[in-house]
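Just below is one structure, and these are the notes that go with it.
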Amino acid sequence: MNIRNSIRKRLDRWSKVEFDKATGFYRYRRFGFYVYVRHPKHISNEENLIWSCENLFFKHYMPSGDDVVVDLGAGYGDEALYVAMHSPDVRYIGVEAQPIIYECLANTFRMPGDNFIASPYVITDADMVRFASQFEYASVGDIPEGYIEIPTMRWPDFIRRYDIDHIDLMKMNIEGAERDLLKSIDDFSIVKRFAISCHDFRANHGDGEFFRTKEDVMRILGENNYDIKQFSYGRDYADDWIYAERR
């Protein structure tokens, strides 16, 4: 039965994707757009995606009109397309540092329009960041320095590069780096709202204390005049998300 289920799942995945010769990636339809992925096994589950969009990422604030969204750790872009489906005029800057996933994201963002922008930078005060993998997020954290050099940019330079004078929602899922990223922001006044994935659940799973960030993230936001809302769904990864809105 397990073998049959495995085969069925593989066939289901392959039936939803097509190989795009122009880019060398696979792609599938989501919310009326194409999502580009490295391999069919990376297709997101639409039911789970919609649940996360409705109950985590955009539960307390759904971007609309000409809002500005900065999405750190934008992945392949499924979540951005959820916004594009509802509010196509939103200016959406998706930041994805993993090189192969960034290239996929840049292709995903071609359909929604020029207001959907893919950015390849690690936002940090460090002069250099290296990853040990081109596409696995396990490369982030308490591991030896990797071999793939990633372009970096300091926060003030990032907002100048993309001509950002306000951010209606900053969404963040950067695998434990959320604490250091918040420390690098010199002016919180331009960010109205945060939706942040903390990663204590990874520390609890034995991945290292680097990932235990929730207490520090909540403290930093509180010190910078944000009211914080937490989640309680009984799912450890979901309950580590927090929403914060500037007073």
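Which number in (1) among the small types (G, A, S); (2) in contact with a strand residue (DSSP E or B) (Cβ under 6 Å, 6 or more places away or on another chain); (3) assigned to a loop (DSSP other than H, G, I, E, B) marks the one condition that A80 misses?
Here A80 meets the rest and fails (3).
Residues are listed down the side, and each one gets a yes or a no for (1) at pLDDT 95 or above; (2) out of contact with any helix residue (DSSP H, G or I) (no Cβ under 8 Å at 6 or more places or on another chain); (3) at negative phi; (4) surrounded by 14 or more Cβ atoms within 10 Å (Cβ to Cβ):
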residue: S87; (1), (2), (3), (4): yes, yes, yes, yes
residue: P99; (1), (2), (3), (4): no, yes, yes, yes
residue: T124; (1), (2), (3), (4): no, no, yes, yes
residue: S139; (1), (2), (3), (4): no, yes, yes, yes
residue: D165; (1), (2), (3), (4): yes, no, yes, no
residue: I190; (1), (2), (3), (4): yes, no, yes, yes
residue: S197; (1), (2), (3), (4): yes, no, yes, yes
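Of (1) in a helix (DSSP H, G or I); (2) modelled with pLDDT of 95 or more; (3) surrounded by 20 or more Cβ atoms within 10 Å (Cβ to Cβ), A118 satisfies all except one. Which?
Only one criterion in (1) in a helix (DSSP H, G or I); (2) modelled with pLDDT of 95 or more; (3) surrounded by 20 or more Cβ atoms within 10 Å (Cβ to Cβ) is unmet by A118, namely (1).
Determine which single condition I228 fails, assuming it passes every other condition in (1) modelled with pLDDT under 95; (2) open to solvent by 40 Å² or more (accessible area, probe 1.4 Å); (3) outside any helix (DSSP H, G or I).
I228 satisfies all of (1) modelled with pLDDT under 95; (2) open to solvent by 40 Å² or more (accessible area, probe 1.4 Å); (3) outside any helix (DSSP H, G or I) except (1).
From the list F19, F25, F131, which residue is buried (at least 21 other Cβ atoms within 10 Å of the Cβ) and over 30 Å from D180 (Cβ atoms)?
Details: F19 fails: buried (at least 21 other Cβ atoms within 10 Å of the Cβ); F131 fails: over 30 Å from D180 (Cβ atoms).
Checking each option against the conditions leaves just F25.
What single numbered condition from (1) open to solvent by less than 20 Å² (accessible area, probe 1.4 Å); (2) modelled with pLDDT under 95; (3) not in a loop (DSSP other than H, G, I, E, B) fails to hold for G176?
(3) is the only condition that G176 fails.
Name every residue in region 28-52 that is in a helix (DSSP H, G or I) and open to solvent by less than 40 Å² (accessible area, probe 1.4 Å), in order of residue number.
P40, L49, S52
Taking the options I190, I150, I159, I185, name whichever one is aliphatic (A, V, I, L, M) and under 24 Å from C53 (Cα atoms). Reasoning before the result, please.
Numbers: I150 fails: under 24 Å from C53 (Cα atoms); I159 fails: under 24 Å from C53 (Cα atoms); I185 fails: under 24 Å from C53 (Cα atoms).
Every option except I190 fails the conditions.
Taking region 208-218, which residues are surrounded by fewer than 19 Cβ atoms within 10 Å (Cβ to Cβ) and in contact (Cβ under 8 Å) with a residue 24 or more places away in the chain?
G208, E209, F210, D216, M218, listed by residue number.
Among the listed residues N107, N55, which satisfies the condition of being in a helix (DSSP H, G or I), modelled with pLDDT of 95 or more, more than 25 Å from Y237 (Cα to Cα) and open to solvent by 20 Å² or more (accessible area, probe 1.4 Å)? Spell out how you get there, then give the answer.
Numbers: N55 fails: more than 25 Å from Y237 (Cα to Cα).
Going through N107, N55 in turn, the sole match is N107.
The values are calculated or read from the model by the stated rules, or taken from the named source; none is laboratory data. Everything numeric in this text was worked out from a predicted model, so none of it was measured. Please note: Cβ atoms are built from the backbone with ideal geometry, for glycine as well, and neighbour counts cover all protein chains shown. Keep in mind that these areas ignore ligands, DNA and RNA; they rest on the heavy atoms of the full protein, side chains included. Shrake-Rupley method; radii C 1.70, N 1.55, O 1.52, S 1.80 Å.
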